[in-house]
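Report on the following structure.
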Amino acid sequence: MNAPAVKEKEIDERYEKLFREAEAGGYHLNPDIPFTRNLVRGLLVNEKRFGYQACPCRLSVGKREEDLDIICPCDYRDPDLNDFGDCYCALYVSTAVLKGAEPVRSIPERRPPRSERRAAGEKESEKPPANLAYPVWRCRVCGYLCAMGNPPLTCPICKASKDRFERFL
């Protein structure tokens, strides 16, 4: 299958948007601009192909509900940044990497196999404890918690969509 065409202007616009959002949220994009622009190209290709920004460094199933954990920014970004200084695809880097104090390096894949992800999804459907008036929802991207009947349409912190929330309690 041929990759959908992406124009340089689209890459410029998305790069600027990602850069602004990252910095506003306390994150940093990889300072290797040609490398980072290529990752942005991959995000745009996947968005055109699947309708969402699946990580360009992982194999997408092509079904949003099965790829929620790898929609950029993925569920593994923060643990990867904390443990290794960059995320799996190296789009996001720590301050130490940004300043050149640490190198970007290859890191292990955290994403569990598909069968384990399915089993975890089935466990999530359990009911909240009876003593809570509302279920507690957690944004899988930034960790924001809220207690209400349903998750918010958009995370007020990181702007992730409603389907990126999971029932926490």
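A few remarks follow.
- Residue satisfying condition, being among the hydrophobic types (A, V, I, L, M, F, W, C) and closer than 26 Å to P156 by Cα, within set C57, C72: C72
- Residue pairs whose Cβ atoms lie under 8 Å apart, sitting 6 or more positions apart in sequence or on different chains, and linking a residue in region 98-124 that is more than 28 Å from R167 (Cβ to Cβ) and in the same structural domain as E65 (by TED's automatic domain parsing) to a partner that is modelled with pLDDT under 90 and in a loop (DSSP other than H, G, I, E, B), do not occur here.
- Per the listing L29, L44, the residue uniquely under 22 Å from K159 (Cβ atoms), in contact with a Lys or Arg (Cβ under 8 Å, 6 or more places away or on another chain) and at pLDDT 95 or above is L44.
- If you go through region 55-72 and keep only what is under 23 Å from R105 (Cβ atoms) and either touching a strand residue (DSSP E or B) at 6+ places or on another chain (Cβ under 7 Å) or β-branched (V, I, T) (or both), you end up with just I70.
- Pair list, Cβ under 7 Å, 6 or more apart: region 63-85 residue under 20 Å from K17 (Cα atoms), other residue surrounded by fewer than 21 Cβ atoms within 10 Å (Cβ to Cβ) and of a type in the set (S, T, Y): I70/S60; I71/Y52
- Residues that are surrounded by fewer than 15 Cβ atoms within 10 Å (Cβ to Cβ) and not charged (D, E, K, R), drawn from region 1-24: M1, N2, A3, P4, A5, A24
The values are calculated or read from the model by the stated rules, or taken from the named source; none is laboratory data. Source: prediction; values computed, not measured. Ideal geometry is used to build each Cβ from the backbone, glycine not excepted, and the neighbour counts take in all protein chains shown.
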